[in-house]
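*Asks:* Got a structure for you, written out below as structure tokens; questions coming shortly.
The values are calculated or read from the model by the stated rules, or taken from the named source; none is laboratory data. Just so we're clear, the structure is a prediction, and the values are computed from it rather than from any experiment. Please note: Cβ atoms are built from the backbone with ideal geometry, for glycine as well, and neighbour counts cover all protein chains shown. The protein model used for the area step is the full one, side chains on, heavy atoms only, and it has no ligands, DNA or RNA in it. Shrake-Rupley method; radii C 1.70, N 1.55, O 1.52, S 1.80 Å.
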Amino acid sequence: MTSVKSGSRTVGTDKNGSISTIGKSASGELMSTWSRAFTANSEWPDKDEFLDVIYWARQILGILIGIVWGVLPLKGFIALLLFAIVNAGLVYLYFSTFQNVDEEEYGGAWELTKEGFMTSFAGFLVTWIIIYSGLHHQ
């Protein structure tokens, strides 16, 4: 990566020639976790910060899937299996393709894939049951 210092920001190009801002922004603060979460191939100097992004994204995803599964009259084992596949699949695609992180830094792909899964499952179940019962219960 080549970089050029410009005021309080460092602008650089990676091996693909993409231009990116490194380090501090114009206001002098580090790039926020929020903006890094939605920026492809972001650098994560603090591993716990990336794990927090995975955890909270998964919680939001669990609630959204619960709403969709409740509106669609999905029920039973198929709905539970679909939740696990969609939830784990989207999180895996996020960290392996969008963020392109080195999984071994975090203990392997399995550690990242299971981060926050059970609490996401609990949020999914509560949301799914409430929405399904409210819309489809006779």
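*Asks:* Just to be sure before I move on: is residue 110 touching a residue at least 60 places away in the same chain (Cβ under 8 Å) and of a type in the set (Phe, Trp, Tyr) in the structure I sent?
*Replies:* no
*Asks:* For the condition open to solvent by 30 Å² or more (accessible area, probe 1.4 Å) and among the hydrophobic types (A, V, I, L, M, F, W, C), what is the one hit in 91, 53, 86, 101?
*Replies:* Answer to the selection: 86.
*Asks:* Of 125, 80, 90, which residue is part of a helix (DSSP H, G or I) and under 16 Å from the mean Cα position of the chain (by Cα)?
*Replies:* 90
*Asks:* I'd like the full set of residues that are free of Cβ contacts under 8 Å to residues at least 12 places away in the same chain, of a type outside the set (Val, Ile, Thr) and over 18 Å from residue 60 (Cβ atoms), limited to region 75-99.
*Replies:* Residues satisfying the conditions are 76, 77, 80, 81.
*Asks:* So is residue 120 open to solvent by 50 Å² or more (accessible area, probe 1.4 Å), among the small types (Gly, Ala, Ser) and part of a helix (DSSP H, G or I) or not?
*Replies:* Judged against the criteria, residue 120 is not a match.
*Asks:* Shifting gears a bit: Among the numbered conditions (1) surrounded by fewer than 18 Cβ atoms within 10 Å (Cβ to Cβ); (2) under 22 Å from residue 44 (Cα atoms), tell me where residue 106 comes up short.
*Replies:* Condition (1) is where residue 106 drops out.
*Asks:* Output the number of residues of region 61-77 satisfying the condition of being in a helix (DSSP H, G or I), under 16 Å from residue 130 (Cα atoms) and either open to solvent by 30 Å² or more (accessible area, probe 1.4 Å) or of a type in the set (Phe, Trp, Tyr) (or both).
*Replies:* Residues that pass the stated criteria total 7.
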